[in-house]
1. Could you sort Leu31, Leu62 by their accessible area in this structure, using a 1.4 Å probe and putting the largest first?
2. Report the accessible area of Val145, computed with a 1.4 Å probe over the heavy atoms of all protein chains in place, in Å² rounded to the nearest 10.
3. Starting from the 7 Å offset along Cα-to-Cβ, what nm value, one decimal, do you get for the label separation of Asp150 and Thr251?
4. Heavy atoms only, 1.4 Å probe, whole protein assembly: order Phe248, Phe130 by accessible area, highest first.
5. Which lysines, if any, have their Cα less than 17 Å from the Cα of Lys252, not counting same-chain residues under 8 positions apart?
6. Where does each of Asp150, Asp51 land when they are ordered by accessible area, with a 1.4 Å probe and the largest first?
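The values are calculated or read from the model by the stated rules, or taken from the named source; none is laboratory data. Because the structure is predicted, anything quoted here is derived from the model rather than measured. Heads up, the Cβs are rebuilt from the backbone with ideal geometry, glycines too, and the neighbour counts pull from every protein chain shown. Areas reflect the complete protein model, heavy atoms only, side chains present, ligands, DNA and RNA absent. Shrake-Rupley method; radii C 1.70, N 1.55, O 1.52, S 1.80 Å.
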Amino acid sequence: PAAAGRAGGRLVSPRPAPSSSARRAGVKAQLLERAAGSGRGARATAEQRADVAELVAELEALDPCTSAAAAAALLPGTWRLAWTGTSELFAFLLADNLPLVECGEITQTIARAGTDSGGADFEVTNRVEFGLPGVRQAVSNTGEVRVRSDKSVEVKFVRARVEPPAEAPLSEGLNQEIFGRQVDLSPLEGVLSPLQRAAAAAAQPAAEVLGLQGGLDFDTPSGGATWLLTSYLDEDLRVSRGDGGGLFILTKDP
């Protein structure tokens, strides 16, 4: 232990070092704050990317999850994407830059596999929402997860789904960022509401013609599995790295 010193004739004890849990909480808060406002990484500046990389490395060194059993208890649930460094999702994320187009929540839901899973440990469903003011749609893909080590899992996607378009509260889409500026479309609500009703009325017949009234499910082409390394995991934050070098930071729903 560090030796005590003297200040003004008084014995001064050294300040105790912060605990691991306190350090983790501090780094997590800094990481999420730095990621905020970056379009989940798609619009991040070079400075933001450097800061996030540094904070992720610091957090990975504090990983409290040290066993496969602990990971199996923490993984199930719904995780929301807070940051990514992979270009695979940028096409969706950059839709936010288009007038009136919005990329909604990007989630990953992990559940324990059933007895008929063919040996899989978990089932994972990745889901991306997108749409226009008053209209929402989503696409998803579902895969089988096999735990290969304390940190790594093998994922093989087996089916995909296109959800039918659904009407959403118009107020959700009235504050838009258009070409870098926040624009309030509330004064146009009276004009947009009839258009929304017309779009909803047209969407139902169109969905029926396309066979989408109940959604569209299809098997994904059989191919090789992908690998995912969980480099940090606790009860509400996860850092994963894909085999192609992608970085994913996700927060867990309570």
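1. On the way: Leu31 0, Leu62 20 Å².
Of Leu31, Leu62, the descending order of accessible area is Leu62, Leu31.
2. Counting only protein heavy atoms, the figure is 10 Å².
3. Distance between label points: 2.9 nm.
4. Details: Phe248 45, Phe130 70 Å².
I get Phe130, Phe248, largest accessible area first.
5. Lys28
6. Details: Asp150 85, Asp51 45 Å².
So the residues, ranked largest to smallest area, are Asp150, Asp51.
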